[in-house]
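Have a look at the structure below, then the notes.
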Amino acid sequence: MSVLMVQIIQTRILSVVSLYYMAFFSISMAMLGLTAGALFVYFKLGHVNKNNVGLPLARVTTAFALSTAICFAVQMALPLPIVGWATFGVIWLTAIILLAAPFVLGGIAVSLALTRSPYPVGQVYGVDLLGAATGCLVALVVLNLIDTPSAMFLVAAITAVAGCCFKFASPMSADQGLPGDWRFLRKPGVVAIALAVLAAGNSLTNRGFQPVSAKFGQIERIDWYYFLKWNSFSRIAVTESRKQIPFLWGASPALLVMDRIDQRMLDIDGFAGTAMPKYTDSPGSLDYLRYDVTNLAYHARNAGKAAVVGVGSGRDLLSAHLFGFRDIIGVELNPIFIDVLTKPELLRDYAGVAKLPGVRFVVDDGRSWFMRTSEKFDLVQMSMVDTFAATGTGAFSLSENGLYTVEGWKAFLAALKPDGLFTVSRWHSPTAPVEMGRVISLAVAALAELGVENPREHIYVAAIDRLATIVISRRPFASPDLTKLDAAAQAMRFNLLATPYRPSPVPVIEELLSARNMNDLTRIAAHYPLDVTPPTDSRPFFFNQLRLTHPEDIIAMLREWRSGNELVVGTAFIASGNLIAIGTLSLIVMLSAGVVLLVVLLPARASVRVVKSRFAIVGSTYFLLIGLGFMFVEIGLIQRISLFLGHPVYALGVALFSLILSTGAGSLLSERLTPRSATQLVAWLGLLTGYLLLLPAWLPLVTGSELAAANLAVRAAASAVVIFPAGLLMGFGFPTGMRLVNAIDPHPMPWFWGVNGAAGVLAAGLAVACSIGFSVDATIRVGAVCYALLLPCALALLALQHTKAVPATS
């Protein structure tokens, strides 16, 4: 349970200290540590047996608890700045050691329990799986109850309690047979109490251990913040109130003077932010909001029912009320924002929006709530809904990305009244309008799939400086609406990028507006170095505009970015987010490969030298394909159901829970239904490959059906049902391979175990790159191909059983 909880909690920590795109790193390091720990047991702890395993287990488990807390504390003080790549490599190598070290000790403990326990293997394995599966769900509960750093110390305390259990269960009363002096590990109870006190104290003070901000790698001062809270979604920090110029995303040049106002900043995961003005009902106090380009649509529609996707600081709710709406719904995924806005002991009076007449709040994923609601809206606003970290486009930054897909926008448009408006604001570069180009591409695709023949008639876009707002009408724009929008744009001196009645001055936008369907958009996008194709649920990475399938373009843009030229990459921070994500991803894969070579493969290589090369090659290929295939399927499924469930942490917990239970069941079932003949191997791998290849074809029918509008529990159950058959069949892979190998020659088993673990470590990063470069469906299908290629290897191993590989002569 502790191993899985550490893995999930680290994804939250990594989202803050290194941006979202490195959250997958936790899975990779868990694989590395557990594999290294298992090999250590095999090579170094042969003297431990069922008669003396209790005390070694207690000591190792206590060491696991201490290393979890100590490595985490060091990690909290380790900046991960954006510096030269050589220094960056050293920093990330240190991070690898800190992350993997506790998992190594956890791997030793789990391996000792499974292989040296006096109890039946099936019973021990069943308890182990139950604990691991429980950990996936308990982690989500703990993350919503206490802050994430305190949660890590709590898990360390739970681990020490496991050490107590092993100690009390040991029949040995002395340290008989134990190497070295491990006296500092002999008191797991004391360690558990100390770690529990540390967790409680850190949680109650709310000013204890906090991670280094990803913001330039600087160490934060916690006294900067009036309020700070973690949950499973993010870390929200609210600054003290200061007299400041009012914050506007895209201020009109017509706004000549702005008086300073009381204002707070809300910091999201150490990097993104939004402003909270102090509410006052004095006349004209909020008029500056009328001059923000994000509020352009309110000039055409300002009565009836409005909805705001992504409430944040409540600023957009103030805008809706200012322009005239008196029936306003704010839909927000993160309950911390709602608490800040509604609780009297926090900022209810300061923000003021909760006291406005007609304002309601809904805590839910915006996309799934709009699919579920029967309400229809005159206007739906979604302004700058993202965290800056989302530009990294990693495996787990999908909560924002899911709002920017064709399927998501169809849900928003379907919730409008016949004459309703949907407005979205995004970054825009006049010299390289790639992000707004992608927004327009997304709007055209969504309208086309809703049956609109000429999407141009439904789209209006205005911009100022580096921000643009698109207004999409459910039906072709009526003349009165266009007149109001034109008047507002002229008065505010906004630049018109797209209107229904005249060509766009921006070539890429004009070309995209001429498209009539997805095929047209794909053809047009192929002419541009940056990606302006409309994101879909299969490839939902809206914030990544670099195409991994075009390395020559990436190299050219990297040169431009380093020279400071924005003509190719658009806005500098978007370019840096994408380029740094790709560079960091590549660096981590290379560093992980080096660590795997030193820690896993080189120590295990001696075990494979004593067998014939054919056996070594075939066996290595078998376990390599299992490691790659399993991880590609796992990452693909997590990414797919993340959009379905509404948040990546839920997807991680549900996916791991389902995979652990199903693969465990498959492993146990393989004891009775072991594939022993060619026909049985073909049947098993045929079923598995067929299921995985067809999964991307029919899964959208599930995620896009009425289930998408169901509550979270139903969607989680549906996700588990989808995952279970794949996990059950994949669970046959490793034990079947071990039985085939063991029947030929058991000597190289440590090597094959190491190859499997190494493949899993490297596959996590490769799977992320595959999803970004191609699609999530492609990632799942690559996993399917790996299992298909397993068949010739399995048949070759079966054939070698009859010839019995003879030890090689050197």
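If I filter the range 584-603 for residues that are assigned to a loop (DSSP other than H, G, I, E, B) and over 30 Å from S429 (Cα atoms), do I get at least one hit?
Just the residues of the range 584-603 that are assigned to a loop (DSSP other than H, G, I, E, B), to begin with: none.
Within the range 584-603, not a single residue is assigned to a loop (DSSP other than H, G, I, E, B) and over 30 Å from S429 (Cα atoms).
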Which listed residue, of G310, G330, G314, is surrounded by fewer than 24 Cβ atoms within 10 Å (Cβ to Cβ), out of contact with any His (no Cβ under 7 Å at 6 or more places or on another chain) and not aliphatic (A, V, I, L, M): G310
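Here's a check for you: in the range 201-257, which residue that is of a type in the set (K, R) and in a loop (DSSP other than H, G, I, E, B) is modelled with the lowest pLDDT?
Restricting attention to the range 201-257, the residues satisfying the condition of being of a type in the set (K, R) are 207, 215, 221, 229, 235, 242-243.
Filter again for in a loop (DSSP other than H, G, I, E, B), leaving 207, 215, 221.
Working: R207: 52, K215: 44, R221: 64.
Going through the qualifying residues, I end up with K215.
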Looking at V124, V104, which is the one that is at pLDDT 90 or above and farther than 30 Å from D339 by Cα? V104
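Please return the ranges of helices (runs of 4 or more DSSP H) entirely within the range 663-778 where 3 or more residues are of a type outside the set (K, R), within 20 Å of L798 (Cα to Cα) and open to solvent by 10 Å² or more (accessible area, probe 1.4 Å).
The qualifying helices (runs of 4 or more DSSP H) are 678-703, 733-744, 749-773.
Hey, any hits in the range 433-449 for a residue that's under 20 Å from S514 (Cβ atoms), in contact with a Lys or Arg (Cβ under 7 Å, 6 or more places away or on another chain) and open to solvent by 20 Å² or more (accessible area, probe 1.4 Å)?
Keep residues of the range 433-449 that are under 20 Å from S514 (Cβ atoms), which gives 433-449.
Still in the running and in contact with a Lys or Arg (Cβ under 7 Å, 6 or more places away or on another chain): 435-436, 439, 446, 448-449.
Among the residues that remain, those that are also open to solvent by 20 Å² or more (accessible area, probe 1.4 Å) are: 448-449.
For the range 433-449, residues under 20 Å from S514 (Cβ atoms), in contact with a Lys or Arg (Cβ under 7 Å, 6 or more places away or on another chain) and open to solvent by 20 Å² or more (accessible area, probe 1.4 Å): present.
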Top-ranked residue of the range 77-90 - restricted to ones that are surrounded by fewer than 17 Cβ atoms within 10 Å (Cβ to Cβ) and part of a helix (DSSP H, G or I), ranked as modelled with the highest pLDDT: V90
The listed residue being open to solvent by 20 Å² or more (accessible area, probe 1.4 Å) and touching an Asp or Glu at 6+ places or on another chain (Cβ under 7 Å), out of P500, P505: P500
Please work out which residue is modelled with the highest pLDDT, limiting yourself to the range 39-64 and to residues that are buried (at least 24 other Cβ atoms within 10 Å of the Cβ) and within 29 Å of L585 (Cα to Cα). F64
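Here is a yes/no grid of residues against (1) open to solvent by 10 Å² or more (accessible area, probe 1.4 Å); (2) part of a helix (DSSP H, G or I); (3) touching a helix residue (DSSP H, G or I) at 6+ places or on another chain (Cβ under 9 Å):
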residue: L129; (1), (2), (3): yes, yes, yes
residue: T134; (1), (2), (3): yes, yes, yes
residue: V138; (1), (2), (3): yes, yes, yes
residue: V141; (1), (2), (3): yes, yes, no
residue: P149; (1), (2), (3): no, yes, yes
residue: M152; (1), (2), (3): no, yes, yes
residue: V155; (1), (2), (3): no, yes, yes
residue: C164; (1), (2), (3): yes, yes, yes
residue: K167; (1), (2), (3): yes, yes, yes
What single numbered condition from (1) under 34 Å from the mean Cα position of the chain (by Cα); (2) open to solvent by 40 Å² or more (accessible area, probe 1.4 Å); (3) under 28 Å from I472 (Cα atoms); (4) of a type in the set (A, V, I, L, M, F, W, C) fails to hold for M265? (3)
Any chance you could count how many residues in the range 400-427 are in contact with a Pro (Cβ under 9 Å, 6 or more places away or on another chain) and not aromatic (F, W, Y)? 6
For the range 637-655, enumerate the residues that are assigned to a helix (DSSP H, G or I) and surrounded by fewer than 24 Cβ atoms within 10 Å (Cβ to Cβ). Y650
Looking for whichever is of a type in the set (A, V, I, L, M, F, W, C) and within 16 Å of G727 (Cβ to Cβ) here; the options are L681, L701, L659. Which one fits? L659
Just to be sure before I move on: is R502 of a type in the set (D, E, K, R) and free of Cβ contacts under 8 Å to residues at least 24 places away in the same chain in the structure I sent? yes
Scan the range 345-366 and report the pairs whose first residue is closer than 25 Å to T239 by Cα and without any contact (Cβ under 8 Å) to a residue 12 or more places away in the chain and whose second residue is crowded, with 16+ Cβ neighbours inside 10 Å and not hydroxyl-bearing (S, T, Y), with Cβ atoms within less than 7 Å and a gap of 6+ or a chain change. R348/L341; R348/A354
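In the range 421-456, what residues are in a loop (DSSP other than H, G, I, E, B), in contact (Cβ under 8 Å) with a residue 24 or more places away in the chain and within 23 Å of R474 (Cβ to Cβ)?
Initially, the range 421-456 is screened for residues in a loop (DSSP other than H, G, I, E, B), giving 428-433, 450-454.
Filter again for in contact (Cβ under 8 Å) with a residue 24 or more places away in the chain, leaving 428-433, 450, 453-454.
Scanning the range 421-456 gives L450, E453, N454.
From S504, S473, grab the single residue that is closer than 27 Å to S252 by Cα and within 36 Å of the chain's Cα centre (by Cα). Working first, answer last.
Numbers: S504 fails: within 36 Å of the chain's Cα centre (by Cα).
Residue meeting the stated conditions: S473.
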Restricted to the range 316-336, and to residues that are modelled with pLDDT of 95 or more and within 18 Å of A275 (Cβ to Cβ), which residue is farthest from the chain's Cα centre (by Cα)? L322
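The values are calculated or read from the model by the stated rules, or taken from the named source; none is laboratory data. From a predicted model like this one, the values you see are computed outputs, not experimental measurements. Neighbour counts are summed over all protein chains in view; Cβ atoms, including those assigned to glycine, are modelled from backbone coordinates with ideal geometry. Calculation scope for accessible area: heavy atoms of the full protein, side chains included, ligands and nucleic acids excluded. Shrake-Rupley method; radii C 1.70, N 1.55, O 1.52, S 1.80 Å.
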